[in-house]
Each structure stands twice: as structure tokens, then as C-alpha cells.
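Rule-based calculations on the coordinates, nothing more; no lab input. Predicted model only: the values in this text are computed from it and were never measured. Neighbour counts are summed over all protein chains in view; Cβ atoms, including those assigned to glycine, are modelled from backbone coordinates with ideal geometry.
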Amino acid sequence: MNEKLKADQNKRAKGAFERMMQSILMLMWGVLLCFVPKERDVAIYSFEQLEQRVLKSESDTLYVINFWATWCKPCVEELPELEAFNKEHEGSLVKTILVSLDFRSAYESKLLPFVEAKQLESEVLLLDAKDYNSWIEKVHKKWEGAIPATLIRNAKSGQSRFVDGTTTAIELNQLIKQIQ
Amino acid sequence: MKKMMMSLVLLLCSANLIMAGGVKVGDKVSNIKLKNIDGKMYSLEEQKSAKGFIVIFTCNHCPFSVKYEDRIIALQNKYEKLGYPVVAINPNDVKRVPEDSFEEMIVRAREKQFNFPYLYDETQAVASRFGAARTPHVFILNKEKSGLMVKYIGAIDDNVESAKEVNSAYVENAMDEILAGKVVTQSATKAIGCTIKWKE
């Protein structure tokens with residue numbers, strides 16, 4: 001009888017210990033999750049989707065669309081300027097989108113790791129549209145297709161500005177003022 | 001007086017075009033004479049047997065140029081014997097892209113066994129005169145009575161990533177039409193590419 005009671009007590013104590021350990025583990029997980037950097041979402045767009053959202057949009061948004069690629073050195077060097085510009089206009093109607101022209105086959109192997117490593121805060125999307133000749137002119141008639149290139153478009157008025165080559169946050173701010 | 005005004009307007013218009021830089025399809029272009037990777041000067045005028053040229057602004061470092069290297073070799077294999085040799089020109093400023101120096105051009109040509117002249121546009125005068133905007137950027141020239149005429153400006157084909165998945169081989173289509181004495185149907189195309197690294 002006595003022995004059975006002892007075994008019962010032991011079992012209960014063990015159960016309590018396990019439960020405590022479980023809650024500690026849960027807590028630790030919770031703390032850890034807070035520190036894990038947020039997963040950066042990179043959507044894959046067709047040209048028609050980009051056209052619908054930006055080039056044909058009639059919303060109140062002023063879009064700053066930067067065309068770049070991880071393989072393009074001047075583009076990568078320019079990204080901090082766009083990130084600074086994006087941060088400056090956070091929460092406003094000025095929307096920065098970094099449109100990557102990396103190959104679809106480099107999405108997992110190059111683009112996602114790059115976006116993570118650089119901790120890019122601006123929205124990044126991959127434009128999966130290989131037949132360049134069919135759409136480059138629709139972005140801007142002056143664009144020959146060299147990157148980097150940046151299109152600024154006031155969706156409401158339809159006014160736009162185009163930068164062929166590298167830009168800066170200062171230049172972007174001057175250009176958006178012209179069409180705001 | 002009216003005539004004078006007209007010619008003044010025309011003069012101003014053409015001055016504008018010159019200032020904008022670049023050639024258009026249908027324009028006449030003057031000779032190109034630049035240093036080849038063999039150390040000798042290469043001049044279009046001296047290629048007496050050529051009926052025209054496939055001029056391609058390209059370089060060593062640009063990933064899009066690299067993707068097209070084998071296809072440029074294939075173009076030379078196909079069209080040189082038909083009288084239209086490929087003439088590749090690297091216009092990039094070596095200060096901005098050390099990989100595109102004259103010495104590195106020689107190295108790359110040897111590695112890939114380039115079968116075409118690879119010229120160095122050190123002053124960037126030719127790229128600027130043609131209005132080359134990116135690498136690779138093709139200009140097909142045809143020798144005619146009036147001189148060297150621009151027949152096509154644009155990309156090599158419509159699929160940089162995979163030669164096997166090309167739907168429209170722009171340069172080959174244009175070349176086949178030129179060889180057949182026809183008008184080039186698609187005489188201008190655009191493509192993504194690297195900016196030409198102009199001197200700062």
C-alpha cells in the first residue's frame with residue numbers, strides 16, 4: 001500500500017516536471033521566433049500583372065519602379081539609394097517596387113538569398129517575362145532595355161518620369177515633386 | 001525666302017538628330033576603324049569581299065553578353081561565308097570595368113575561341129556615334145551603292161536564357177531577308193542588357 005502511494009507520488013512529480021519543461025520549451029521557442037528575421041515575400045509577376053498594378057493603375061499611388069537584377073553591378077550598387085528613398089516615404093502614397101529581371105530559374109538560388117542577405121525592406125518582385133521586345137517599350141518609349149532603369153508614375157494623373165541608368169534618393173525626390 | 005526657311009528648319013531638325021546621337025534603320029554610316037585583339041587595326045572599308053557586317057557591341061563582363069557568346073560564334077559560322085562577317089566591339093570604360101580591358105578581351109577571346117574580330121572602342125566614339133545603349137546591341141549593315149546602310153538594330157533573339165527556346169531569331173531572320181534581297185520585316189527590337197559603361 002505504502003509502496004503504491006510512493007510510486008503514484010513519483011509519477012505525479014514526474015508529470016509536473018515534464019509539464020514545466022514543456023512550458024519552458026514553449027516559452028523559449030516564442031522568444032526565439034521573435035528574433036528570427038521576417039520572411040521576405042518576393043512575388044512572381046507576368047508583364048500583364050505589372051501593367052495592371054502599375055502602368056495602367058488609376059489609384060492615388062505614386063509608383064517608383066526600379067528595374068534591376070542581382071547580376072547587374074550598377075543596379076546592386078544603387079539599391080541602398082532606393083532603400084533610403086523607400087524608408088523616407090514609408091506609410092505614404094509613394095510606393096517603391098524593386099522589379100527584378102533575374103531569370104525565373106535563379107529565383108530560389110540567387111534572388112531570394114540576395115533579398116534575405118541584403119535585408120531589403122522595399123517590396124521586391126520578380127518579373128518573369130522573357131520576350132523583352134514585347135514589353136520594354138510599354139514601360140517607357142525611351143527605354144532601350146539597359147538596366148538599371150527607374151520609372152516614376154503618378155497613377156492618378158498618368159504623368160511619368162524615366163531615369164535611364166543609375167539614380168539617387170535625391171534625384172527621385174526631385175522627380176516625384178515634378179509630378180506630385 | 002520660303003525655301004531658305006524650309007532649309008533652315010531642316011538643318012535645325014537634323015542638328016537635333018545629331019545631338020540626340022545614334023543611327024536609325026535606313027541611315028547611312030561611315031567607316032569603323034578600331035584596334036582588333038590581334039593588335040592590328042581592323043577597318044570595315046578594307047573588307048573588300050564583305051557584302052555587309054553584323055556589328056555587335058558586347059563585352060566580357062556582362063552576363064547577357066556571356067549568355068550570347070556561343071550564339072555570336074554561330075552567327076559568324078553561318079554568315080561570314082555568305083559575305084556578312086560578325087564584328088564585335090567592346091565599348092566599355094576600363095576604369096569602370098577592369099574585366100573589359102584590352103588584355104582581358106584577348107584572354108576571353110582565346111578561352112572561347114572567338115572566330116570573329118573583337119575590337120576595342122577605347123574612346124567610345126563608335127558606340128556613341130551608333131547610339132549603342134547596352135550590351136549586347138546589334139547593328140546589321142549592308143553595303144549598297146550609296147554606302148553602308150543600317151538594316152537592323154536590336155537584340156540577337158527573344159530568349160537570352162536559352163538558345164533552344166528561342167521563338168524569334170531576330171538577327172537570323174533579318175539576315176535571311178537581306179540575303180534574299182527583301183525588306184527586313186522586324187528591323188528594330190529591344191532587349192534587357194547591361195548599360196554601356198561610359199567614361200565619367
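Of note:
- Residues being under 30 Å from residue A:102 (Cβ atoms) and either more than 8 Å from chain A (Cβ to nearest Cβ) or within 16 Å of the chain's Cα centre (by Cα) (or both) - total across the range B:141-162: 7
- Summed over the range B:138-169, residues that are in contact with a helix residue (DSSP H, G or I) (Cβ under 8 Å, 6 or more places away or on another chain) and either crowded, with 24+ Cβ neighbours inside 10 Å or within 22 Å of residue B:59 (Cβ to Cβ) (or both) total 14.
- Of the residues making up the range B:171-200, those that are among the small types (Gly, Ala, Ser), within 17 Å of residue A:145 (Cβ to Cβ) and either at the interface with another protein chain (Cβ under 8 Å from one of its Cβ atoms) or assigned to a helix (DSSP H, G or I) (or both) number 2.
- Residue in the range B:163-170 that is within 14 Å of chain A (Cβ to nearest Cβ) and in contact (Cβ under 8 Å) with a residue 60 or more places away in the chain present: yes
- Qualifying residue in the range A:93-102 (condition: out of contact with any helix residue (DSSP H, G or I) (no Cβ under 7 Å at 6 or more places or on another chain), more than 14 Å from chain B (Cβ to nearest Cβ) and without any contact (Cβ under 8 Å) to a residue 40 or more places away in the chain): yes
- Restricting attention to the range B:116-134, the residues being more than 14 Å from chain A (Cβ to nearest Cβ) and at positive phi number 1.
- Residue in the range A:142-149 that is surrounded by fewer than 18 Cβ atoms within 10 Å (Cβ to Cβ) and either touching a Lys or Arg at 6+ places or on another chain (Cβ under 9 Å) or under 28 Å from residue B:166 (Cα atoms) (or both) present: yes
- Among residues of the range B:51-88, those that are polar (S, T, N, Q) and within 14 Å of chain A (Cβ to nearest Cβ), counted: 3
- Cβ-Cβ distances below 6 Å connect the following pairs, each with a first residue in the range A:129-143 that is more than 7 Å from chain B (Cβ to nearest Cβ), a second residue that is part of a helix (DSSP H, G or I), and a separation of six or more residues or different chains: A:129/A:47; A:135/A:47; A:143/A:136.
- Among the candidates A:122, A:57, residue that is more than 14 Å from every other protein chain (Cβ to nearest Cβ), in contact (Cβ under 8 Å) with a residue 12 or more places away in the chain and more than 19 Å from the chain's Cα centre (by Cα): A:57
- Residue in the range B:15-28 that is in contact (Cβ under 8 Å) with a residue 24 or more places away in the chain and among the polar types (S, T, N, Q) present: no
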